[in-house]
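K.L.:
If you scroll down you'll find the structure; I have some questions about it.
Computed from the coordinates by the stated procedures, all read-outs in this text should not be read as laboratory data. Small disclaimer: the values here were computed from a predicted structure and weren't measured. Ideal geometry is used to build each Cβ from the backbone, glycine not excepted, and the neighbour counts take in all protein chains shown.
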């Protein structure tokens, strides 16, 4: 198998895959400003003042994609949402967008169906395969045209999306964020009731999972990885599961197309996901490109000393919480020394190619065997059941639930 980890002709272009230092700095400062909690509070306050001034109701727009499994889950909570909150819900029917926002549309469809089937019972919902077609009617062409146009006008690309006054909330997974915002505005009719779809806890307490294995596929440039990485390691330590650490290159470096609107949504979403997890996010200094190659070149050496997870943990913290440039020797040295490794010994391994073959194997395994392309991804192995493969920082709770089911009580 080839040890090539990056495509010869990357569709994302050099400015995205290897931005110059000045561009990295500017991008970081833009993100820091946009994601500042005080700025978000002011933006929300202005939106509410404008709504009141214009005499508008609390309008929530929902974008439904008939053949999207996540929309099949979201449509089941609409009536409850409208009953519990004093809102006006506007329903839009849309088509799948595809293109650079959803470049692996066929894979996404297969994965989404599997994922939605798995999470539905945990949210008290009917799995898509069992949903009554009457609850998921097919819209006409004119309605699809109007809904898709509205979605594009507002700057998004996905189905199962809720939109309220400048912010997006994806399906049942992010519904509790919308609920909390509405509660903060005082429009919840039954505030004593819990969220409609609360996020399940990541809980492996009292479980011995030493007979199980967790394959973990992170990447250095992933905002989502940055907020769940240490929690994954802590969960593995708590239940004594064997952790097989399998870093892959960032999606952009692997040639998966990316757009500005998708990138911005991910950054906003990561900020609130981090807050929910109790993990800081920002200031940011993207480590895409050469900083990633440099750090990855040290991973085989760090792994020999049992410190590869320590090294990637330190690098993620510096890049996504400290705003430190890993492209500079001073930043890279901080990561190495925080991992408990010797900076001067690291020089013999810095910039070598020994990491490429293993990284290529990890990428092939994740994309071809698991059918996934994003990070962080996980595969739980062991017990009498088939492997459980999940994608996303918002699925670690599902891994934890399955570890609890397969492991031994202590």
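K.L.:
Could you pull the Cα extents of the stretch 36-184 along its three principal axes, largest to smallest, in whole Å?
P.N.:
Extents along the principal axes, in whole Å: 43, 33, 32.
K.L.:
A further question on this structure: Once you sort the root eigenvalues of the Cα gyration tensor of the stretch 295-345 as a ≥ b ≥ c, which label holds: rounded (a/c under 1.5), prolate (a/b larger than b/c) or oblate (the other case)? Walk me through the numbers before you get to the answer.
P.N.:
Details: a/c = 1.98, a/b = 1.51, b/c = 1.31.
Note, shape of the stretch 295-345 comes out prolate.
K.L.:
Using square roots of five times the C-alpha gyration tensor eigenvalues, list the equivalent-ellipsoid semi-axes of the stretch 238-277 in whole Å, biggest first.
P.N.:
They are 26, 20, 4 Å, listed largest first.
K.L.:
Helix 171-184: angle to the longest alpha-carbon principal axis of the chain, degrees 0 to 90, nearest 10?
P.N.:
70 degrees
K.L.:
Something else now. Once you wrap a convex hull around the alpha carbon atoms of the stretch 310-388, what is its projected area averaged over all directions, in nm²? Please report the intermediate quantities before stating the final value.
P.N.:
Values: hull surface 28.5 nm².
Over every viewing direction, the Cα hull of the stretch 310-388 projects on average to 7.1 nm².
K.L.:
For residue 290 and residue 210, what does the FRET efficiency come to when R0 = 56 Å and r is the distance between their Cβ atoms, rounded to the nearest 0.05? Working shown, then result.
P.N.:
Details: r = 39 Å, r/R0 = 0.70.
Efficiency, from the Cβ-Cβ distance: 0.90.
K.L.:
Additional query: When the chain is treated as a GNM, springs tying every alpha-carbon pair under 10 Å, which of 385, 308, 215 comes out with the largest mean-square fluctuation?
P.N.:
The residue with the greatest mean-square fluctuation here is 385.
K.L.:
Also: What fraction of the DSSP beta bridges in the chain is antiparallel, stated in percent and rounded to the nearest 5? Write out the running numbers ahead of the final one.
P.N.:
Details: 19 of 30 bridges.
Of the beta bridges lying entirely in the chain, close to 65 percent run antiparallel.
K.L.:
Treating the Cα atoms of the stretch 216-285 as identical point scatterers in vacuum, please give the log10 of the normalised Debye intensity I(q)/I(0) at q = 0.11, 0.13, 0.18 Å⁻¹, two decimals.
P.N.:
Values, matching the q order: -0.32, -0.44, -0.79.
K.L.:
Looking at the P(r) of the stretch 30-89, how many percent of alpha-carbon pairs lie beyond 15 Å?
P.N.:
Working: 1190 of 1770 pairs.
The share of Cα pairs beyond 15 Å in the stretch 30-89 comes to 67 percent.
K.L.:
A further question on this structure: Quick one: helix 355-364 against the long Cα principal axis of the chain, what's the angle to the nearest 10°, folded into 0 to 90?
P.N.:
Helix 355-364 sits roughly 30 degrees off the main axis of the chain.
K.L.:
Write down the percent of antiparallel bridges among all DSSP beta bridges whose residues are both part of the stretch 36-184, to the nearest 5. Display every interim value, and only then the final one.
P.N.:
Working: 7 of 14 bridges.
The answer is about 50 percent antiparallel.
K.L.:
Give me 188, 197, 82 sorted ascending by neighbouring Cβ count inside 10 Å, so fewest comes first.
P.N.:
82, 188, 197
K.L.:
I need the shape label for the stretch 192-343. Rule: rounded when a/c is under 1.5, else prolate if a/b > b/c, else oblate, with a, b, c from the alpha carbon gyration tensor.
P.N.:
Since a/c reaches 1.5 but b/c is at least a/b, the shape of the stretch 192-343 is classed as oblate.
K.L.:
Now for a different question. Largest first and in whole Å, give the semi-axes of the chain's equivalent ellipsoid, each being the square root of 5 times a Cα gyration tensor eigenvalue. Write down the numbers at each step before the final one.
P.N.:
Values: eigenvalues 264, 128, 90 Å².
Taking √(5λ) for each Cα gyration eigenvalue gives 36, 25, 21 Å.
K.L.:
A further question follows. Could you list 229, 378, 195 in order of exposure, starting from the residue whose Cβ has the fewest other Cβ atoms within 10 Å? Could the numbers behind the result be given before it?
P.N.:
On the way: 229 24, 378 27, 195 14.
In increasing order of surrounding Cβ atoms, one gets 195, 229, 378.
K.L.:
Mean-square fluctuation check for the chain, GNM, Cα pairs under 10 Å: which of 302, 116, 38 is largest?
P.N.:
Comparing 302, 116, 38 in a Gaussian network model of the chain, the most mobile one is 38.
K.L.:
Under 20 Å from a label point 7 Å along Cα→Cβ of residue 39: give me every residue in the stretch 9-25 with its amide N that close.
P.N.:
Residues 22-25 qualify, since their backbone N sits under 20 Å from the label point.
K.L.:
Please state the shape class of the stretch 143-273: rounded when a/c is under 1.5, otherwise prolate if a/b exceeds b/c and oblate if not, all from the C-alpha gyration tensor.
P.N.:
Numbers: a/c = 2.81, a/b = 1.34, b/c = 2.10.
Because a/c hits 1.5 or more and a/b fails to exceed b/c, the stretch 143-273 counts as oblate.
K.L.:
Also, I was wondering about something else. Using a 10 Å cut-off around each Cβ, can you sort 161, 235, 72, 267 from fewest to most neighbouring Cβ atoms?
P.N.:
The order, fewest Cβ neighbours first, is 267, 235, 161, 72.
K.L.:
Another question, then. Work out how much length residue 27 to residue 9 would gain on full extension: take 0.36 nm times their residue separation and subtract the Cα-Cα distance, in nm to one decimal.
P.N.:
Using 0.36 nm per residue and subtracting the Cα-Cα distance, I get 4.1 nm.
K.L.:
Another question about this same structure. What percent do you get for the relative contact order of the chain when only Cα pairs under 8 Å and 6+ apart count?
P.N.:
Over the chain, the number comes to 22 percent.
K.L.:
With r as the distance between the Cβ atoms of residue 201 and residue 109 and R0 = 22 Å, compute the FRET efficiency 1/(1 + (r/R0)^6) and round to 0.05.
P.N.:
So the FRET efficiency works out to roughly 0.15.
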